[in-house]
Amino acid sequence: MSASVQRPYVSFYPPFHAVLLGGATALFLGALVSDIAYARTYEIQWNNFASWLIAGGLVVAGAALVCAVLGLLPSRRSRQSVLHVVVLAATWILGFLDALWHARDAWASMPGGLVLSVIVVLLACAATWLGCWTTRFGGTP
Amino acid sequence: MNRLSLTVALSLATALAGCSREAPPLQYGADPELPEPRRGLMPDMVIASPAGWGDRLPVVPEGFEVRAIATDLLIPRQTLVLPNGDILVAEGRGGNAPSLKPKDVIAGPIKAAGTTQVASGNRLTLLRDADGDGDYELQTVFADNLNAPYGLALVDNNLYVANQDAVVRFDYRPGQTQARADAPETLALLPSKINHHWTKAMTASADGRLLYVGIGSNSNITERGMVAEADRALVWEIDAATGMHRPYATGLRNPTALAIQPGSGQLWAVVNERDELGPNLVPDYLTSVREGGFYGWPWAYWGKNVDERVRPRNPDKVAESITPDYSLGSHVAALGLDFSSEVMGPEFADGAFVGMHGSWNRADPVGYKVVFVPFRNGRPAGDPIDFVTGFRDDDGTTRGRPVGVTVDPRGALIVADDLSNTIWRVSRIGAATAPPTLPVEPQPADAASDDATDATPGQGAPEQAPSR
């Protein structure tokens, strides 16, 4: 605890970025779980939940992407931060495709929506891991 | 990489969005071509661009003329020609379906841009042409404070109105221009929860004892869940005397207009079919409605073609599905139906008129016209003939959208237009336009005799046959 206070680089930005990454991952994970529930029960409400969770995930992941792009400033840029942006952008794009897929009525959203949700969650986890690694929260960039 | 991915994604989406530039298959008649289901990631939406009529008029066949007999209405949908020649117009907009998914929030305002911006009238307007010159000089509110009225039927002195939540009954006296102040009595409550498809089409049986009411599904294809579809996508038969009802036919996704075929007494319907299977699926249709028949929705379309979007599956119901009689084409949005008669001239004497509201989810828009489906020996025979066109230009400029169509026994077709809020009258040039023989003002003697006929409604005399 005391160690982090002594660090010279203390910024609002890295923890906020981390919260966004964690939030997006959780929302996409919620969508995946809802998709699984719909596929097992045919209960349509799970499909609605998934659609809104993906929409929320896109909003939060979009904000995280802005933070990640700011991390590309020359003073902070590293191979990891570039990779982080790339993976996060891929997360967002596939998440958007997932949203379009979920806009199809009833079972037309399956199984493609479920497959996309799995990929998006994996990408979101990878982006979060890369982001945490590169920004070294609370530490020097 | 980022830009590349985006480009790939967008071109993928465009490619998947249904390449509908190819020639559409022939989709009229008993045996339409049905392509494979296809649904891109992005929907095809081509929304009408509303514009005023100005000096222009709809286009009608040679030997006919068209004029606007009422304007500035509040969303006219269906019309009823009364025995004395007066016309009743049901005005309103219903439905209270909440947005379910993000796409509903986005698509709702886009679709609304292609419709009228006026508020729902929730009323019946009466039009009168007392001197028979084709000019309806009286336009007055017959009844107010209704709830999205749509279907209309007159049996003797009973005027039935199908609101979006109930069938109500007014006492009607010949010549009456305004309903009595006391509210109409409710004959039967109708399924109205959500009301994704809210229009309650209605017609009376030939003997006037029964009412048929079309109740549309509560979703496109069960995306609101199967629970929401209880008592939906069917035609009810209601006993006009007691209000008791039963399902007459089921599996009809959205039966938007009903009519009794003269002579046979057979019930016919136009039905709007499901979306999101591509620009050429599923054809809207005109069909005779068999008692106890099941017409496929949601498990199957056009007979026994399985709709894979519905879970759980139901092979038994698929096997049971009746193939409709006559395809009108996909996405034309048929909303009006009435059978013709000799008064429309020899070319249009035997058949049915169908009002087509027009598509919103097709790259190459269709509908936006009134067609005549010729019949022979009581069955549809031949391709539909354009009867009223000119509602929409190729550049998307849309001046009107036809809904209800009603044959006026004086030799005209009454067309309700819910975009320009106009009633059009397409009449045969030279057709008799003499004032009706029935008295225009109520007379005590007639009122008494009407009461007398009430006990034995409509015994086949043409004057007593229920109007649609």
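Please treat every number below as a calculation from the coordinates, not as lab data. Just so you know, these numbers come straight off a predicted model, no measurement behind them. No Cβ is skipped: glycine too gets one built from the backbone with ideal geometry, and neighbour counts run over all protein chains shown.
Table for the structure above
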quantity: Residues B:169, A:76, sorted so that the one with the fewest Cβ neighbours within 10 Å comes first; calculated: A:76, B:169
quantity: Test item: A:41-54 mean partner chain Cβ contacts at 10 Å; calculated: 3
quantity: Placed amide H near residue B:172: partners under 5 Å, 5+ positions off or other chain; calculated: B:158, B:159
quantity: Theoretical gain in end-to-end length, residue B:171 to residue B:209 [0.36 nm per residue, Cα-Cα removed]; calculated: 12.1 nm
quantity: Karplus-derived 3J(HN,Hα), 6.51/-1.76/1.60, for each residue of region A:43-57, Hz, glycine and proline x; calculated: 7, 5, 4, 4, 5, 5, 4, 4, 4, 6, 5, 5, 4, x, x
quantity: For B:42, B:202, order by how many other beta-carbon atoms lie within 10 Å, fewest first; calculated: B:42, B:202
quantity: Residues with amide H under 5 Å from that of residue B:351, placed H, sequence gap 5 or more; calculated: B:340, B:375
quantity: Spin-label pair residue B:290/residue B:185, simplified geometry with 7 Å Cα→Cβ offset, distance in nm; calculated: 3.8
quantity: Region A:10-135 - Debye-derived log10 I(q)/I(0), Cα point model, q = 0.22 Å⁻¹; calculated: -1.09
quantity: Rounded FRET efficiency, nearest 0.05, which uses the C-beta distance separating residue A:125 from residue A:19 and R0 of 22 Å; calculated: 0.90
quantity: Label point at residue B:230 placed 7 Å out along Cα→Cβ; residues across region B:162-193 whose backbone nitrogen lies under 14 Å; calculated: B:191-193
quantity: Estimated D of region B:48-439 in µm² per second, where Rh is the Kirkwood radius over Cα pairs and Stokes-Einstein applies at 20 °C, 1.002 mPa s; calculated: 102
quantity: Helix-only [θ]222 nm of the protein assembly as shown, DSSP H runs n ≥ 4, -39500 (n - 2.57) each, per residue, nearest 500; calculated: -8500 deg cm²/dmol
quantity: Net charge, residue B:185 excluded, C-beta distance under 12 Å - Lys, Arg +1, Asp, Glu -1; calculated: 0
quantity: Spread of Cα-to-Cα distances over 20 Å intervals beginning at zero, given as percent, for the protein assembly as shown; calculated: 19, 45, 23, 10, 2, 0
quantity: Simple label model, 7 Å out from Cα along Cβ direction - residue B:377 to residue B:242, nm; calculated: 4.0
quantity: Rg/Rh ratio calculated on Cα atoms of region B:104-248 (Kirkwood radius); calculated: 1.02
quantity: Per-pair calculated FRET efficiency, R0 = 30 Å: residue B:42 and residue A:83 via Cβ, rounded to 0.05; calculated: 0.50
quantity: Sequence-distant residues sharing a close amide H with residue B:330 (under 5 Å, placed H); calculated: B:284
quantity: Extended-chain gain in nm, criterion 0.36 nm per residue less alpha-carbon gap, residue B:349 and residue B:57; calculated: 102.7 nm
quantity: FRET E, pair residue B:67, residue B:342, Förster distance 30 Å, beta-carbon r, rounded to 0.05; calculated: 0.85
quantity: Distance (nanometres) between label positions extended 7 Å along Cα→Cβ at residue B:99 and residue B:266; calculated: 4.5
